[in-house]
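Q: This is the structure I have questions about; it appears just below.
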Amino acid sequence: MRADARLRWVLLVTSAATFVASLDLFVVNVAFGDLQREFHQPDPAALSWVLNGYTIALAALPIPFGRFADSYGRLRGFVAGMALFAAASVMCAAAPSLTWLIVARVIQGVGAAALLPTSLGLLLGEFPPRRRPAAVASWAATGSVAAAFGMPVGALLTRLDWRLIFLVNVPIVVVTLLVARRVLGESRAAGTPERPDLVGTGLLTAGIALVTLGLVQAGDWGWAAPATLAALVGGLVAVAVFLRRCVRHPAPLLELDLFRDRRFSAAAGATLLMFAGFGALLLAMVLLLTDLWRQDVLTAGLEVAPSGIAAAIVSTLAAARLGARVGYRATGAVGCLLFAVSALVYRFAITATPDYARVILPAEILGAVGIGLVIPTLAAAISASLPAARRATGSAVFAMSRQLGTVLGVSATVALMAGAAHGSVAGYQRVWVFIAVAEAAAAAVCLALAGPPGPATGPAVAAAGRPGRPAEAPGAGAAIGGPVSEPVG
């Protein structure tokens, strides 16, 4: 197979992984009515765990999986994640009870948590340096497309049978696995695999899971409820203990030296803030179209879809080129500010009277241009800061930041909508202001991104060569563009 053709297949395979993982965050929402009837479950709080179980697993586990993949094999982790995701999808489709479905969704989230860091880690290792920004942009764009098309795809499939929203994953995964075994090579950090820090893994997983639990349940429990506070405080304490352990452990799950690279830490912070606005936007738009404007789910989904198409076009055709020309700092900041301006258009133009063509569509396209610029820019900024030995681990930080930001945005939307009179736009106006503030903050953090793309330097690079850690081949840690980690097999 010619090199160019092989790289196209690599991009397709790794993007398919992030597509199915992202799609299943959104496609389930439209099936809640069918699930209520199927399982005779009138309690929305119980039903919400079909979504929450997946969300918590996807937020809590990327870093452990990324670290293990760097040590034991990224392709091995990718294949295992894909297989687990497919098996859990079949379990979801076959669910005879709500409890079964929730458990299967958690397992599906575990598989998805393995896919995000390993897919990006593999992509970075396969593409030469000059082609990585464009490849990362395309990889990142698939998440936006999945978010935009989750609702219409879910609506179409549930009209036939709600179980199809899970079964549709299986042929995608099977084909992806067959192609992956042909076009992807195994890689991991050079040297003997480190002994996993199981205590650190447990602390981080528990901490992120508790924080996510507190955020997703705050709308039902109340932000000041003892259960919410216990989850949030307990999670933050567990994360603090984990970080302290990372400082002292000879082979920590997460090397904190990565965050000494300003580009990496700024990109991670901007990702969390940007996706807080993105998560709020997705939920607010669904509620606006279906609840306030009384659109059916399929129509609402089709009206949201142009944003995904526009974001994907901008991501693949413009973001990488603009980032290479003017740098991550300007591209990320401009993207966030365009998103913020679109939120302000919503804030001052939307009324209780439906007006999609004049108000929603122009603001939607403006925001999509911003999203299309910023998501691949942040992914590329994080990727360009990573030593070769920590490609999956560093990619996992991006995945976790993205997921936590989305959860924060959804939780903020629920809180800001609470108490608003039915049919009133007041709650939506508060959400649009929240989005504008979150994106303005993300733009400010983007200004801390180190200038134009270039080799990673400093502590993040040196980390792979510190005592007690496997060393890369000479020069491998010098940049994301250096030699790839040691091939295996």
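The values are calculated or read from the model by the stated rules, or taken from the named source; none is laboratory data. Small disclaimer: the values here were computed from a predicted structure and weren't measured. Every residue, glycine among them, receives a Cβ derived from its backbone with ideal geometry; neighbour counts consider all protein chains shown.
Q: What is the residue count in the stretch 37-58 for residues that are outside any loop (DSSP other than H, G, I, E, B) and either on the phi > 0 side of the Ramachandran plot or polar (S, T, N, Q) (or both)? Steps first, please.
A: Filtering the stretch 37-58 down to residues outside any loop (DSSP other than H, G, I, E, B) leaves 37-39, 44-47, 49-58.
Then keep just the ones that are either on the phi > 0 side of the Ramachandran plot or polar (S, T, N, Q) (or both); that gives 52, 55.
Of the residues in that region, 2 qualify.
Q: What single numbered condition from (1) farther than 30 Å from L47 by Cα; (2) touching a residue at least 12 places away in the same chain (Cβ under 8 Å); (3) surrounded by fewer than 17 Cβ atoms within 10 Å (Cβ to Cβ) fails to hold for D220?
A: Condition (1) is where D220 drops out.
Yes or no, residue by residue, for (1) touching a residue at least 60 places away in the same chain (Cβ under 8 Å); (2) farther than 26 Å from L120 by Cα; (3) within 24 Å of the chain's Cα centre (by Cα); (4) surrounded by 15 or more Cβ atoms within 10 Å (Cβ to Cβ):
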residue: V170; (1), (2), (3), (4): yes, no, yes, yes
residue: V183; (1), (2), (3), (4): yes, no, no, yes
residue: R188; (1), (2), (3), (4): yes, no, yes, yes
residue: P196; (1), (2), (3), (4): yes, no, no, yes
residue: G202; (1), (2), (3), (4): no, no, yes, no
residue: V211; (1), (2), (3), (4): yes, no, yes, yes
residue: G214; (1), (2), (3), (4): no, yes, yes, yes
residue: A224; (1), (2), (3), (4): no, yes, no, no
residue: T228; (1), (2), (3), (4): no, yes, yes, yes
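Conditions tested, residue by residue: (1) over 28 Å from F39 (Cα atoms); (2) surrounded by 19 or more Cβ atoms within 10 Å (Cβ to Cβ).
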site	(1), (2)
V79	yes, yes
A88	no, yes
M91	no, no
T99	no, no
L116	yes, yes
P152	no, yes
T176	yes, yes
V179	yes, no
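Q: Residues in the stretch 69-94 that are modelled with pLDDT of 90 or more and aromatic (F, W, Y): how many?
A: Residues in the stretch 69-94 being modelled with pLDDT of 90 or more and aromatic (F, W, Y): 2 in total.
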